[in-house]
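Reading through the structure tokens given below for one structure.
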Amino acid sequence: MSAFLPVEALSALSPQAQSMVVIAQAGSPMQAAGATDPAHLANAADVSATGSFGNMVSEGLSQINSKMVDSEVGLQKLAIGDAQNLHQLMINLEESRLSFQVMMQVRSRLLEAYQDIMKMPI
């Protein structure tokens, strides 16, 4: 990754992606400290990658869940005749539906990649 990233591109990234760019540009703290033991570096990389990926997945799932719950509440309000803005309700329903579909596509791709890796000969 190059050290140059336009300000417009960086500001368009999410806060998590911005922190990842900063970490990538600065280099890992293990390299700065001079730790060159391959087993130590691999273990540290596994722990940090697992933690960050797990956090990213759980945050994404919680965001999708909150969208789905908000949509369900909106549908319940519509059913009892208490919906204030039908257009916004329909937009929220479509956003939650698309978010769920994207999540399922990502899940399918991850499972396919995992299965492909497991089929590789050692």
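The numbers here are math on the coordinates, done by the rules we state, and not lab data. Every value quoted in this text rests on a predicted model; they were computed, and no experiment measured them. Using ideal geometry, Cβ is built from the backbone for each residue, glycine included, and neighbour counts are taken over all protein chains shown.
Sorted by packing (mean other beta-carbon atoms within 10 Å per residue), highest first, where do 61-67, 111-117 land?
61-67, 111-117
Available extension along the chain between residue 80 and residue 122 is 9.1 nm, counting 0.36 nm per residue and deducting the alpha carbon span.
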